[in-house]
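Everything on this sheet refers to the single structure shown next.
The values are calculated or read from the model by the stated rules, or taken from the named source; none is laboratory data. This structure is a prediction, so every number in the text was calculated from the model and none was measured. FYI the Cβ positions are ideal-geometry reconstructions off the backbone, even for glycines, and counts take in every protein chain you see.
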């Protein structure tokens, strides 16, 4: 898969990755390309951009947050495993639970995680309402509007905080979010991903953090 950008773009922003982490990130491109031929979880036109548009995009959360060991994350509507799988590689001492209502997408995510040897990830096929565990943070990528997502995420947020950043929702979105921000009640932080990454793809992308 020589059309897939190598992991140098990941090392550019995360230079302290271990050899093991570099190997795991390096395997993701080929694994997703192979699975995407069977089950479409990434646009076929976009699979060649997986390292910037999907993996590095997911890792924007790693520029915003440095979690303590044992921090629990719920990836709400994980699709094929984003942002959960890249974050699980980045933070091997944290725990990730990925949930999606589409079984085929959970299958791809679980098989990719198994192939790269992730032991800090669990999976659930179903609706978020079927997950009754509590987490420090709920993460998501372009799942639904913020005012709809926040109350759903709040049900899974633990009241006990173990990090400097209060427990809450961290989501990745794109475009004009002014109407969502206005409709969302309470404090909400919006960060342009161009603050973290210089590639043109990120000029319209945002990270949203909402303490819950």
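Observations on the model:
- Residue match in the stretch 19-35 (condition: within 12 Å of the chain's Cα centre (by Cα) and under 18 Å from residue 201 (Cβ atoms)): no
- In this entry, residue 201 passes the filter for residues that are part of a helix (DSSP H, G or I), surrounded by 14 or more Cβ atoms within 10 Å (Cβ to Cβ) and either at pLDDT 95 or above or touching a helix residue (DSSP H, G or I) at 6+ places or on another chain (Cβ under 6 Å) (or both).
- Cβ-Cβ under 8 Å pairs, at least 6 apart or on other chains, the stretch 151-163 side without any contact (Cβ under 8 Å) to a residue 40 or more places away in the chain, far side surrounded by fewer than 13 Cβ atoms within 10 Å (Cβ to Cβ): 155/129
- Taking the numbered list (1) under 17 Å from the mean Cα position of the chain (by Cα); (2) modelled with pLDDT of 95 or more; (3) on the phi < 0 side of the Ramachandran plot in turn, residue 128 passes all entries but (2).
- Residues in the stretch 165-199 that are free of Cβ contacts under 8 Å to residues at least 12 places away in the same chain and more than 20 Å from the chain's Cα centre (by Cα): 176, 178, 179, 182.
- Residue within the stretch 36-50 that is touching a residue at least 24 places away in the same chain (Cβ under 8 Å), within 21 Å of residue 88 (Cα to Cα), under 16 Å from the mean Cα position of the chain (by Cα) and outside any helix (DSSP H, G or I) present: yes
- Residue that is modelled with the lowest pLDDT, among those in the stretch 68-106 that are within 15 Å of residue 167 (Cβ to Cβ) and surrounded by 22 or more Cβ atoms within 10 Å (Cβ to Cβ): 76
- Qualifying residue in the stretch 136-153 (condition: touching a helix residue (DSSP H, G or I) at 6+ places or on another chain (Cβ under 6 Å), surrounded by fewer than 20 Cβ atoms within 10 Å (Cβ to Cβ) and either modelled with pLDDT of 95 or more or under 21 Å from residue 49 (Cβ atoms) (or both)): no
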